[in-house]
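Below is one structure, written out as structure tokens; comments come after it.
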Amino acid sequence: MEEIISSITIKSESKIVLLVMDGVGGLPQEPGGKTELESAYTPHLDRLAQRGICGLTDPLAPGITPGSGPAHLALFGYDPFNYYIGRGVLEALGIGMELTPIDIAARANYATVDEQGIIVDRRAGRISTERNIELCNLLQQKISRIEDINIIIKPGKEHRFVVVFRGEGLGGGVTETDPQKEGKKPLQAKAVDTDSEKTAAIVNRFIEIAGEILKDSKPANMILMRGISQSPNIPPMQQIYKLNPAAIATYPMYKGLARLVGMKILPIKGETIEDEFIALEEHFSDYDFFFVHIKKTDSSGEDGSFEKKIKAIEEVDRLIPRIEKLNPDVFVVTGDHSTPCLLKSHSWHPNPLLLYSRTCLPDKVNSFGERECNQGGLGRIRAMELMPLILAHAQKIIKFGA
Ligand code: ZN
């Protein structure tokens, strides 16, 4: 499919805004009630739903609850079952590390162990970011290479950092060393396939040396590693869609995902939703595709806070006219997956979808909500089918075949 799409996409002047409210889909708190989105006061989204065309998307496939990684890949038009993106890779990309296809990346964090090597705090009392930077510098100075593998260490926030192992012969099939509980010793990394035996050995050696270097720096006297994974080789959006894409997101993971498919990460001056919209306004003339990611809808769903999720949706709604003012040729609003407050977690339910463009034939949907979208003209499609539709409405697809 990627090859076909790539053969029929063309460069054009038109502009696209894809606004993703993470986890926006929800459920009523009690039978007969309304969902979060249905409860929210959203006059602007409702107006767009009336003028545009609506539908539902299954994030991956019916019944499959996705992580935000595969769910976003699908939204960007990639087959999420074709590319596996590990957490370590996402984290590395999210803090601005450039990965090559041979790299293995791991999320690491400082932890506290007692004299017997038993973990007493998996997060080392959430040491300060400044202390984290000091310790990462120390580790990097002392461990730049193990055998023929280069080691690249970069601090994140508080107790978190990323380690990239760069060299030939490394596979990404390695288990994590974090036992996920206090009161246990860190685990040994183990290879789950023969291609990853060298990785497991290097990871274990790295942790051993790091433990030795850190032994007097309590509470950060040990490290744990998770999400050890290999960088996937994903063809960028520039190549497949001939787009010049940019991303506006505040959370590292989403910046990482966007960077992975070739998007330029735009600077944002603060952390609020309005700051993200300001970034969009400031850079609107520089790119032709904008992915705008809203995290609050998902985090309030995970917290199970119905009211907070409604507030987050309403906050986005109030800012919608700012995007309308920019007059993108195609404006899409959707979620990557549902995060119903009722479940306090991601779910398999389909995402409400709204597409507005000069070329859409409006349906009878009157407001932006799950059940209204279920009546929409786009029907129910898989999220990975959305991107060709967006490109078509942006007049960036030529006909297939003679
Ligand atoms: Zn998500």
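The values are calculated or read from the model by the stated rules, or taken from the named source; none is laboratory data. Given the structure is predicted, the values throughout are model-derived calculations rather than measurements. Note that we place each Cβ from the backbone using ideal geometry, even for glycine, and neighbour counts take in every protein chain shown.
Specify the residue that is surrounded by the fewest Cβ atoms within 10 Å (Cβ to Cβ); the eligible residues are those in region 273-303 that are within 16 Å of the ligand (Cβ to nearest atom) and not in a helix (DSSP H, G or I).
Asp303
For region 332-354, name all the residues that are under 19 Å from Pro43 (Cα atoms), more than 18 Å from the chain's Cα centre (by Cα) and either within 16 Å of the ligand (Cβ to nearest atom) or surrounded by fewer than 24 Cβ atoms within 10 Å (Cβ to Cβ) (or both).
Residues of region 332-354 that are under 19 Å from Pro43 (Cα atoms), as a first pass: 332-335, 352-354.
Then drop every residue that is not more than 18 Å from the chain's Cα centre (by Cα), which leaves 352-354.
Of everything in region 332-354, those that are under 19 Å from Pro43 (Cα atoms), more than 18 Å from the chain's Cα centre (by Cα) and either within 16 Å of the ligand (Cβ to nearest atom) or surrounded by fewer than 24 Cβ atoms within 10 Å (Cβ to Cβ) (or both) turn out to be Pro352, Leu353.
May I ask you to say which residue of Leu73, Leu19 is under 14 Å from Pro352 (Cβ atoms) and not aromatic (Phe, Trp, Tyr)?
Details: Leu73 fails: under 14 Å from Pro352 (Cβ atoms).
Checking each option against the conditions leaves just Leu19.
Check region 111-127 and report whether any residue there is of a type in the set (Lys, Arg) and buried (at least 22 other Cβ atoms within 10 Å of the Cβ). Let's see the steps before the verdict.
Quick first cut of region 111-127, residues of a type in the set (Lys, Arg) only: 122-123, 126.
Then drop every residue that is not buried (at least 22 other Cβ atoms within 10 Å of the Cβ), which leaves none.
No - not one qualifying residue is present in region 111-127.
What's the total number of residues in region 180-209 that are within 29 Å of the chain's Cα centre (by Cα), within 22 Å of Val120 (Cβ to Cβ) and aliphatic (A, V, I, L, M)?
Matching residues across region 180-209 total 3.
Cβ-Cβ distance below 6 Å, separation of 6 or more or different chains: which pairs start in region 115-128 with a residue that is closer than 9 Å to Glu158 by Cα and in a loop (DSSP other than H, G, I, E, B) and end on one that is charged (D, E, K, R) and modelled with pLDDT under 95?
Once the first residue is closer than 9 Å to Glu158 by Cα and in a loop (DSSP other than H, G, I, E, B) and sits in region 115-128, its partners that are charged (D, E, K, R) and modelled with pLDDT under 95 give Arg126/Glu158.
For the subset of region 140-179 comprising residues that are among the small types (Gly, Ala, Ser) and farther than 17 Å from Leu90 by Cα, which member is nearest to the chain's Cα centre (by Cα)?
Keep residues of region 140-179 that are among the small types (Gly, Ala, Ser), which gives 144, 156, 167, 169, 171-173.
Add one more test, that the residue is farther than 17 Å from Leu90 by Cα, and what stays is 144, 167, 169.
Values: Ser144: 29, Gly167: 26, Gly169: 28 Å.
Among them, the one singled out is Gly167.
Need pairs with beta-carbon distance below 8 Å; first residue of a type in the set (Gly, Ala, Ser) and within region 349-378, second loosely packed, with under 14 Cβ neighbours inside 10 Å; sequence gap 6+ or separate chains.
Within 8 Å, the pairs are Gly377/Leu361.
Any residue in region 135-157 that's under 14 Å from Ile209 (Cα atoms): show its pairings with residues that are in a helix (DSSP H, G or I) and of a type in the set (Gly, Ala, Ser) at Cβ separation under 6 Å, as long as the two are six or more apart or on different chains.
That search, which allows pairs on different chains as well, returns Leu139/Ala210.
Pairs only if they're at least six apart or on different chains, beta carbon under 6 angstrom, first in region 325-338 and farther than 20 Å from Met384 by Cα, second more than 15 Å from the ligand (Cβ to nearest atom) and at pLDDT below 95; list them, first residue then second.
Listed pairs, sorted by first residue: none to list.
Working only within region 55-85, note down all residues that are away from the ligand (no atom under 16 Å from the Cβ) and surrounded by fewer than 23 Cβ atoms within 10 Å (Cβ to Cβ). Spell out how you get there, then give the answer.
Our first condition is that a residue be away from the ligand (no atom under 16 Å from the Cβ); within region 55-85, this holds for 55-56, 61-63, 77, 79, 81-84.
Leu56, Ala61, Pro62, Gly63, Gly77, Asp79, Phe81, Asn82, Tyr83, Tyr84 - these are the residues of region 55-85 that are away from the ligand (no atom under 16 Å from the Cβ) and surrounded by fewer than 23 Cβ atoms within 10 Å (Cβ to Cβ).
How do the pairs read when you match residues in region 179-194 that are under 13 Å from Arg226 (Cα atoms) with residues anywhere that are surrounded by fewer than 13 Cβ atoms within 10 Å (Cβ to Cβ), using Cβ under 9 Å and keeping only pairs 6 or more apart or on different chains?
Qualifying pairs under 9 Å: Pro186/Gly117.
Hey, could you check region 86-110 for residues that are over 17 Å from the mean Cα position of the chain (by Cα) and not polar (S, T, N, Q) and say which is surrounded by the most Cβ atoms within 10 Å (Cβ to Cβ)? Quick ask: steps written out before the conclusion?
So the first thing to find is which residues in region 86-110 are over 17 Å from the mean Cα position of the chain (by Cα), and the list is 100-104, 108-110.
Adding the requirement that they be not polar (S, T, N, Q) leaves 101-104, 108, 110.
On the way: Pro101: 9, Ile102: 14, Asp103: 22, Ile104: 29, Ala108: 31, Tyr110: 28.
Taking the candidates together, the pick is Ala108.
Tally time: how many residues in region 8-40 are without any contact (Cβ under 8 Å) to a residue 12 or more places away in the chain and not in a loop (DSSP other than H, G, I, E, B)?
0
Just need a number here: residues in region 222-247 that are outside any strand (DSSP E or B) and buried (at least 21 other Cβ atoms within 10 Å of the Cβ).
Number of matching residues: 5.
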